[in-house]
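The values are calculated or read from the model by the stated rules, or taken from the named source; none is laboratory data. No experiment lies behind these values; they were computed from the predicted model shown. Using ideal geometry, Cβ is built from the backbone for each residue, glycine included, and neighbour counts are taken over all protein chains shown. Only protein heavy atoms, including side chains, enter the accessible area calculation; ligands, DNA and RNA are left aside. Shrake-Rupley method; radii C 1.70, N 1.55, O 1.52, S 1.80 Å.
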Amino acid sequence: MMRIITGRAKGIRLETLKGDNTRPTAERAKEAVFSMLQFDLEGREVLDLYAGSGQMGLEAVSRGAASATFVDKSKDAVGVISKNIEKTKLSPYCRVLCSDATDFIKATRGRRKFDIIFIDPPYALHAVPDTLSALIGADMLKEMSIIVAESEEADVFEKRPELKEKFEVLRCAKYGVAHVTVLTLAKETDI
């Protein structure tokens, strides 16, 4: 059972996609992430890439984020996200797009920056490093943006070691098979 932990929509149960194509963030991992972000959410703009059910963005909005943009290329996922937005009554703060994450980043290039970004692609894609690189290249990060990446790999930079110097790892923890890495731009990174 997935639910909103706290805030305006506290306790509301969320729908998930049927089948194995999406893997919702475990409740324990979500609680740990939001415990860390609790003082960084108020009034922030959130991007939920590879959004699945939309639970991470919805939790952020429930806790006071100004807005959340949900991006998923699956029409089924977009349908579930839309239902969850309706159930939580958070629609004034939410925007849902049916788009590939890479295409969304390219289309948004230089037009919008986000405070908090959730990246949780299907593990088989190993897309976290390329997504991090694309976000920098598209000028979508603010100086103090926080990125929460979930992956199968303990080191999100393993396949793109050149990215290590561009980011500072704030926290890395393992929950079951999931590694959750919380990042921000390194102080000397040009944006």
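Some points to look at:
- Once both labels are positioned 7 Å from their Cα atoms along Cα-to-Cβ, the gap between LEU97 and VAL177 label points is 3.0 nm.
- Spin-label model, GLU158/SER82: points 7 Å from Cα along the beta carbon direction are separated by 3.7 nm.
- In segment 57-175, the portion of solvent-accessible area held by carbon and sulfur atoms comes to 50 percent [1.4 Å probe, whole percent, DNA, RNA and ligands not counted].
- Share, in percent, of DSSP beta bridges within the chain that are antiparallel, nearest 5: 45 percent
- Straightening the chain between MET36 and ARG8 buys 8.2 nm, computed as 0.36 nm per residue apart minus the Cα-Cα spacing.
- Low-density loop positions, GluC sites (Glu not before Pro), segment 27-61 - DSSP coil, at most 10 other Cβ in 10 Å: GLU42
- Which of ALA32, ALA66, ILE4, positive extreme of dipole for segment 1-70 (C-beta unit charges): ILE4
- Links that overshoot a 31 Å alpha carbon limit, given the list LYS89/LYS187; LYS75/LYS166; LYS30/LYS187; LYS87/LYS164; LYS87/LYS166: LYS89/LYS187; LYS75/LYS166; LYS87/LYS164; LYS87/LYS166
- Pairwise label distance in nanometres, LYS187 with ASP139, each label 7 Å out on the Cα-Cβ vector: 2.5 nm
- For segment 14-135, accessible area per residue (1.4 Å probe, heavy atoms of protein chains only), Å²: 46 Å²
- Using C-alpha pairs under 8 Å with a sequence gap of at least 6, the mean separation divided by the residue count of segment 59-183 gives a relative contact order of 19 percent.
- For segment 52-135, the fraction of C-alpha pairs farther apart than 23 angstrom is 19 percent.
- Projecting the Cα atoms of PHE118, LEU90, ALA178 onto the charge dipole of the chain, computed from C-beta unit charges around the Cα centre, puts LEU90 farthest toward the positive end.
- For segment 39-180, a crude dipole built from +1 on the beta carbon of Lys and Arg and -1 on the beta carbon of Asp and Glu, taken about the Cα centre, is about 460 debye to the nearest 20.
- Of the two radii for the chain, the radius of gyration is 0.93 times the Kirkwood radius, both from the alpha carbons; that is the Rg over Rh value.
- Descending by average beta-carbon neighbour count within 10 Å, the peptides 71-78, 122-129, 168-175 line up as 71-78, 122-129, 168-175, the highest first.
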